[in-house]
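Undergrad: Before we start, here is the structure in question, set down as structure tokens.
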Amino acid sequence: MTFIHNIANIFKEQLIAKKLNSVLGGILLLVVAILIGAIGGQFGMRGVVVAFGGIVGAGMVLTALLNQYLGVYFILTLGTFVTYLSKIVDLPFGTSLDLFLAVMSLGVLMKQAYQKDSSFLNNPLTIPILLWVGYNLMQALNPAAISRLAWLYTVRSMAVLIILYFIASHALNSYRRIINVFKYMLFLAFVSALYGLSQEFIGFTDFEYKWLYADPKRFQLIFQWARLRVFSFFSDPTNYGMFMSYYGVICTILLIGPFKLWQKIALAIAAMSMFWAIGLAGSRTPVILVPFGLIIFTMLTLNKRVIIAMACIGLIGVIGTLKSTNNAILFRIQSAFLIDKSADTINVRMKNQKMIQPYIQTHPFGAGLGSAGEWGARFAPDSLLAKFPPDSGLVRIAVELGWIGLALYCFLLFKIIHFSTYCYLRVKHPKIKVIYLCITVMMFMLILASYPQEAIIQLPTSIFFYVSLAILARLKDFEEEAFIEDPPLLHQH
């Protein structure tokens, strides 16, 4: 045992403490380079990606097992880029999220075995989340389900990923950790905005064009008004636009926070980049979400300067909406507020929802997860629901989980909004207060977006949503620490 312990210490000293800047580190890097080169010569680019990803991934997985705080950074990064990676190489990168969740969950359980500290679960969100997860798991026994395999594929996005909330709640056990993760989420959103702008002004990469042309329906969705809508690292322009709307509004809200001038300038640049990206994405839903979020922001603050600023922005928006234009991007933004331009889409959705209402009313537990839309068409192509396009997160839940499932989900969303607003109104530290304001407004926007789109369950929104829930649950616990470590600017002189 002593020999093994000494060997472990040598590796720790040579590889970790010296960051591979040693003879042993150089040998290891040389071996890895030769191995990857040999694999590339034998199997091509796909083999190189798999080998390099396996080496890096193994290190990340081991780190996430031992340190869930770093694991949160890994899973946020992976959630942001997983769809982008799948466009480069056709590999199931999404399963790596499940691997990280499993490993991080094991790490938490290992720590709980000797720490026995469950204080991170003591908040009003834990029980509603557990009820939601349990209900989704019980759907495996739904006698009306048309396919058990469809449940297996769908339960991951609907319920399993929410385990990240518990992992992040455990890992974010200090004020500084929470602030750092919040900043990193803003950074990833800003990078996503910049890449979307680069797609517009520099152009798409070869593999992105290949991905676009691989599916005629996909190309038809993205090529509209004689231009390609940008989608950044995301699955589609609508998903990208909605993500930009949440974080564009968050960056705007942070401008009223107690931050330094250079930080506010950076936030203003980030907000403008995100709002610009929304226009380039060309989806109506994000355009509606932005003024809605700003209205909620104004109502929660009731600050005179905020009210005046939002009134001016609203006036400019109204003028811009009414002004005629032949610019495709501006016309698409205007159409979100012009009922006659959106009437056809609205009528189709309302007709579909009216048609499915009797089914929802007579199936309190729904038709089972994965019974509608894409998964239904794949696993039960001859069923009625396989041909039904939900076009809505809430409608999908009502169809697949029944009106009982919808009521349970609405209860969860209500508890999130109630708890977030409660914390915002009661905390005193100015930075904590403005972060709670950001999360509260974001939750309102996500709930609204869940009616016209399947907003919350899409990547990377789902990952950011669950980490934000953990921040919501934990940040208030460290207010005293914040006053000591990060005193308000007013008291620093």
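Undergrad: Only residues that are in contact (Cβ under 8 Å) with a residue 40 or more places away in the chain and crowded, with 20+ Cβ neighbours inside 10 Å: list them for region 364-374, please.
TA: Hits for region 364-374 are GLY366, ALA367, GLY368, LEU369, GLY370, SER371.
Undergrad: Any chance region 387-404 includes a residue that's in contact with an Asp or Glu (Cβ under 7 Å, 6 or more places away or on another chain), assigned to a helix (DSSP H, G or I) and modelled with pLDDT of 75 or more?
TA: For region 387-404, residues in contact with an Asp or Glu (Cβ under 7 Å, 6 or more places away or on another chain), assigned to a helix (DSSP H, G or I) and modelled with pLDDT of 75 or more: present.
Undergrad: Restricting to region 206-244, give me the number of residues that are more than 19 Å from SER450 (Cα to Cα), without any contact (Cβ under 8 Å) to a residue 40 or more places away in the chain and not in a helix (DSSP H, G or I).
TA: Within region 206-244, residues that are more than 19 Å from SER450 (Cα to Cα), without any contact (Cβ under 8 Å) to a residue 40 or more places away in the chain and not in a helix (DSSP H, G or I) number 4.
Okay, residues lined up against (1) within 20 Å of MET185 (Cβ to Cβ); (2) buried (at least 19 other Cβ atoms within 10 Å of the Cβ); (3) touching a strand residue (DSSP E or B) at 6+ places or on another chain (Cβ under 7 Å):
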site: LEU384; (1), (2), (3): no, no, no
site: ILE397; (1), (2), (3): no, yes, no
site: THR421; (1), (2), (3): no, no, no
site: THR440; (1), (2), (3): yes, yes, no
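Undergrad: Counting only residues that are surrounded by 24 or more Cβ atoms within 10 Å (Cβ to Cβ) and of a type in the set (Gly, Ala, Ser), which one in region 443-469 is modelled with the lowest pLDDT?
TA: Only one residue fits best here, namely ALA455.
Undergrad: Report, by residue number, each residue of region 480-493 that is crowded, with 17+ Cβ neighbours inside 10 Å and not small (Gly, Ala, Ser).
TA: Matches in region 480-493: ASP486 only.
Undergrad: Return a yes/no flag: does region 140-150 have any residue that is in the same structural domain as GLY79 (by TED's automatic domain parsing), among the aliphatic types (A, V, I, L, M) and in contact with a Gly (Cβ under 8 Å, 6 or more places away or on another chain).
TA: no
Undergrad: Would you point out which residue out of LEU448, LEU475 is touching a residue at least 60 places away in the same chain (Cβ under 8 Å), within 30 Å of GLY94 (Cα to Cα) and either over 17 Å from the mean Cα position of the chain (by Cα) or not in a helix (DSSP H, G or I) (or both)?
TA: Unique residue meeting the criteria: LEU475.
Undergrad: Something else about it: Return yes when TYR153 is under 22 Å from the mean Cα position of the chain (by Cα) and either surrounded by fewer than 20 Cβ atoms within 10 Å (Cβ to Cβ) or part of a loop (DSSP other than H, G, I, E, B) (or both) and no when it is not.
TA: yes
Undergrad: A further question follows. In region 72-81, which residues are of a type in the set (Val, Ile, Thr) and either free of Cβ contacts under 8 Å to residues at least 40 places away in the same chain or crowded, with 18+ Cβ neighbours inside 10 Å (or both)?
TA: Those that are of a type in the set (Val, Ile, Thr) and either free of Cβ contacts under 8 Å to residues at least 40 places away in the same chain or crowded, with 18+ Cβ neighbours inside 10 Å (or both): VAL72, ILE75, THR80.
Undergrad: Tally time: how many residues in region 163-184 are crowded, with 22+ Cβ neighbours inside 10 Å and of a type in the set (A, V, I, L, M)?
TA: Result for region 163-184: 6.
Undergrad: What about LYS433, is it without any contact (Cβ under 8 Å) to a residue 40 or more places away in the chain and either touching a helix residue (DSSP H, G or I) at 6+ places or on another chain (Cβ under 8 Å) or small (Gly, Ala, Ser) (or both)?
TA: yes
Undergrad: Going through region 82-117 one residue at a time, which ones are out of contact with any helix residue (DSSP H, G or I) (no Cβ under 7 Å at 6 or more places or on another chain), without any contact (Cβ under 8 Å) to a residue 60 or more places away in the chain and among the hydroxyl-bearing types (Ser, Thr, Tyr)?
TA: Passing the criteria: SER86, THR95, TYR114.
Undergrad: Checking VAL181 against (1) modelled with pLDDT of 85 or more; (2) over 17 Å from the mean Cα position of the chain (by Cα); (3) part of a helix (DSSP H, G or I), only one condition comes out false. Which one?
TA: Result: VAL181 fails condition (2) only.
The values are calculated or read from the model by the stated rules, or taken from the named source; none is laboratory data. Keep in mind that this is a model prediction, so the values were computed, not measured. Heads up, the Cβs are rebuilt from the backbone with ideal geometry, glycines too, and the neighbour counts pull from every protein chain shown.
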